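Trainee: First the structure, then my questions, so here it is.
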Amino acid sequence: MEQAISSAVQTLFGIEVPIELTRPDKTFGDYATSVALKVATELGHKPRQVAETLSAQLGRDLADFVSQIVVAGPGFINIFLSDKALLKLGLSKPSQVYEGQQILVEFGDPNPLKAMHLGHLYTTIVGDTIARLLEAAGASVKRLSYHGDVGLHVAKAVWGIGETIDWNPARLKELESEEIEHDGLKLTLKTIIGYLYAKGARAFEEESTAADRIKDINKHIYEQDDPTINAIYDWGVERSFKYFDLIFTELGVHFDKRYLESQSSPVGLRFVQRHLGSVFEKSQGAIVYKGEKKGLHTRVFVNSAGLPTYEAKDLGLAEMKKSDFKAADKSIIITANEQVEYFRVMLAALSEFDAQLAAKSQHLTHGFISLATGKMSSRTGLVYGAQELLDETHKTVSQNYPNSKVASAVYLAAIKYTFLKYRLGGDIVFDVQQSVALEGNSGPYLQYAHARARSILAKASTPLAKPNDLMSEERSLALKISEYSEVVDRSVQELLPHHICIYLYELAQEFNHFYEHNRVIGDGREASRLSLVKSYADTLKQGLELLGIPSPEQM
């Protein structure tokens with residue numbers, strides 16, 4: 001249609017203007033365009049007259065799949081598709097705009113020797129969904145993660161572990177499977193690392209002796225010259241990643257490569273030193289980038305002790321990704337909103353010595369996650385983390401679903417959909433009870449809608465048949481189904497998964513309206529209506545799969 005409209009404008013008026021088709025309220029048409037107003041403005045003609053001339057031409061050019069073209073208002077052109085064209089549109093696939101491109105998506109990024117918090121859980125879910133969207137648009141996606149395995153937070157955890165546990169080689173093996181009792185708490189693999197980091201963090205703030213020791217441990221970690229510290233560090237990092245991988249596996253998320261700050265640190269340091277005097281400059285014993293020249297602010301890239309900061313480490317990471325994925329066309333990095341200004345400065349510095357790499361890099365951010373209950377700490381005194389939310393949601397779902405397989409699918413839908421239905425960038429208040437509800441805009445509701453449609457199909461004995469014509473409510477459902485590929489295209493273009501959530505919820509409501517007023521099994525139009533039900537169920541399933549949400553056949 002866009003090509004036909006563009007061609008008609010050139011033939012009739014001899015000019016080129018951008019063609020934009022929109023979806024109006026269904027009472028006005030299936031598509032609408034304001035192209036006549038643009039043509040009239042450019043040529044000084046009356047918009048209504050232009051619209052009538054253009055619609056007459058389009059009626060001839062689009063006769064094979066348009067049933068009616070109506071001029072409305074000052075010159076809007078409303079287009080109604082034929083039933084045959086509408087049904088065919090429902091089979092269309094998302095545009096393959098990234099076909100042949102390789103795109104890197106970095107997300108998740110929990111730090112070893114610390115608890116995985118709600119922000120990490122959110123970043124993991126939204127990052128994987130954006131990767132799925134890009135794959136649906138034809139891209140070859142590489143999922144990457146980046147973890148801070150060095151720094152003062154690591155030293156705090158190592159101190160906490162060393163102060164709590166009697167370390168020797170035999171104990172390392174024992175700790176693989178047993179609980180540890182400490183301060184009246186039973187600590188497991190899921191809780192021990194975060195708890196002992198919190199212990200070290202408190203000691204660092206409250207005890208000068210402990211703070212001095214933690215600073216000393218931090219130095220030994222960088223230099224790797226103390227066997228006991230090395231053993232604690234290695235054990236803690238290994239335990240952390242084993243635990244993170246348990247969560248990633250449960251969420252159905254995989255990573256193609258994992259990067260560590262200990263790897264990017266020397267690379268970034270060399271970059272800064274190499275460009276000292278041209279991009280970076282010395283200031284009070286440190287090396288900084290003066291971002292003011294680009295409307296930003298100054299940031300330290302190497303501190304006065306000669307150690308690279310996060311900024312320098314990220315420069316090193318960018319170079320490592322470039323070296324590992326030479327064919328990459330784009331690199332997307334997903335973090336919390338609080339890192340917006342940080343990344344602007346880092347990318348500005350990068351652009352001064354590798355403009356192409358900086359141009360390929362895109363930073364996406366998300367908001368803060370809080371709980372409707374207001375509870376933001378666990379029973380151990382830790383920040384309420386990813387595992388606590390997973391456990392609480394799973395427990396709530398299990399109370400309503402004795403079938404463990406279904407319960408597992410439903411609890412994943414509850415968490416993922418709640419995070420994804422909000423526009424990326426805004427804060428989210430997570431309500432466990434609302435997230436698992438079978439009524440309202442929730443993941444389990446959409447899973448139930450899918451299972452309900454499958455149950456209708458399972459009861460049928462009549463072979464499916466493609467409709468030749470559509471009754472009013474059948475047409476409304478077919479029209480909604482036909483929007484799917486366009487919604488996916490918009491989500492891909494804007495990298496915003498919430499568009500798909502909005503669409504799937506509206507699709508389920510449209511089906512409910514259709515089913516309330518139209519009998520399927522036993523009706524004279526059973527065969528064609530079954531075809532519509534299948535198309536609806538398949539579309540719902542495809543949309544949920546893009547969100548990383550399973551679609552049970554029964555619930």
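Values in this text are rule-based calculations from the coordinates and carry no lab data. Small disclaimer: the values here were computed from a predicted structure and weren't measured. A quick note on method: Cβ atoms are made from the backbone with ideal geometry, for glycine too, and the neighbour counts reach across all protein chains shown.
Trainee: Which of the peptides 88-97, 114-123 is most tightly packed, and how do the rest follow, going by the mean number of other Cβ atoms within 10 Å of each residue?
Mentor: The peptides rank, most packed first, as 114-123, 88-97.
Trainee: Run the numbers for LEU152 and GLN49: contour at 0.36 nm per residue of separation, minus the present Cα-Cα distance, in nm.
Mentor: 29.9 nm
Trainee: If the reach is capped at under 21 angstrom between alpha carbons, list the lysines near LYS330, excluding any in the same chain fewer than eight residues apart.
Mentor: LYS142, LYS257, LYS313, LYS321, LYS322, LYS360
Trainee: Ok, one more. Once fully extended, how much extra length lies between LYS294 and GLU473, figured as 0.36 nm per residue of separation less the alpha-carbon to alpha-carbon distance?
Mentor: Going from the current span to full extension adds 58.8 nm.
Trainee: Near the amide H of HIS117, under 5 Å away, which other amide H atoms are found, from residues 5 or more places off or on another chain, if H is placed in the peptide plane?
Mentor: ALA386
Trainee: How far is it, in nm, from the label point at LYS405 to the one at LYS215 when both lie 7 Å from their Cα along the line to the Cβ?
Mentor: Going by the 7 Å Cα→Cβ label model, 5.9 nm.
Trainee: Between HIS513 and LYS88, with labels modelled 7 Å along Cα→Cβ, what's the label distance in nm to one decimal, could you check?
Mentor: Here the answer is 2.7 nm between the modelled labels.
Trainee: Further question: For GLN273 paired with ASP523, estimate the spin-label separation in nm (one decimal), with each label point 7 Å from Cα along the Cα-to-Cβ line.
Mentor: Distance between the two pseudo-spin positions: 7.5 nm.
Trainee: Sequence gap at least 6, Cα distance under 8 Å: using those rules, report the relative contact order of region 1-130 to the nearest whole percent. Let's see the in-between values first.
Mentor: On the way: 155 pairs, mean separation 22.2, N = 130.
Computed value for region 1-130: 17 percent relative contact order.
Trainee: Send over the Kirkwood Rh of the chain, from the inverse of the averaged 1/r over different Cα pairs, rounded to one decimal Å.
Mentor: 27.1
Trainee: Let me ask something else about it. What ranking of TRP235, TRP159 emerges when the number of other C-beta atoms within 10 Å of each C-beta is taken as an exposure proxy, fewest first?
Mentor: TRP235, TRP159
Trainee: Non-local amide H neighbours of GLN68 (under 5 Å, H modeled in plane, Pro and chain starts lacking H): which ones?
Mentor: Here PHE80 satisfy the definition.
Trainee: Would you pull out the residues with amide H under 5 Å of ILE333's amide H, same chain only if 5 or more places away, H placed 1.01 Å from N?
Mentor: Those lying under 5 Å, H to H, from ILE333 are GLU106, GLN362, HIS363, LEU364.
Trainee: Return a whole-number percent for the relative contact order of the chain, with Cα pairs under 8 Å and 6 or more residues apart as the contact set.
Mentor: It rounds to 14 percent for the chain.
Trainee: Quantify how much of the Cα-Cα distance distribution of region 408-546 extends past 28 Å, in percent. All intermediate terms of the calculation are to be shown ahead of the outcome.
Mentor: On the way: 2070 of 9591 pairs.
Roughly 22 percent, rounded to a whole number.
Trainee: May I ask for the angle, rounded to the nearest 10°, between helix 2-13 and the longest principal axis of the chain, with both axes built from Cα atoms and the value confined to 0 to 90°?
Mentor: The two axes meet at around 60 degrees.
Trainee: Students often get this wrong: which residues of region 413-439 have the backbone nitrogen under 15 Å from the point 7 angstrom along Cα-to-C-beta of GLU494?
Mentor: It comes to 420-426, nothing else.
Trainee: While we're on this one: List the trypsin sites (Lys or Arg not before Pro) within region 445-551 that DSSP assigns to loop and that have no more than 15 neighbouring Cβ atoms inside 10 Å.
Mentor: ARG519
Trainee: Grab the other residues whose beta carbon is less than 9 angstrom from that of GLY548, score K and R as +1, D and E as -1, and report the net. Numbers along the way, then the final one.
Mentor: Working: positive: ARG132, LYS416; negative: ASP128, GLU545.
Neighbourhood net charge equals 0.
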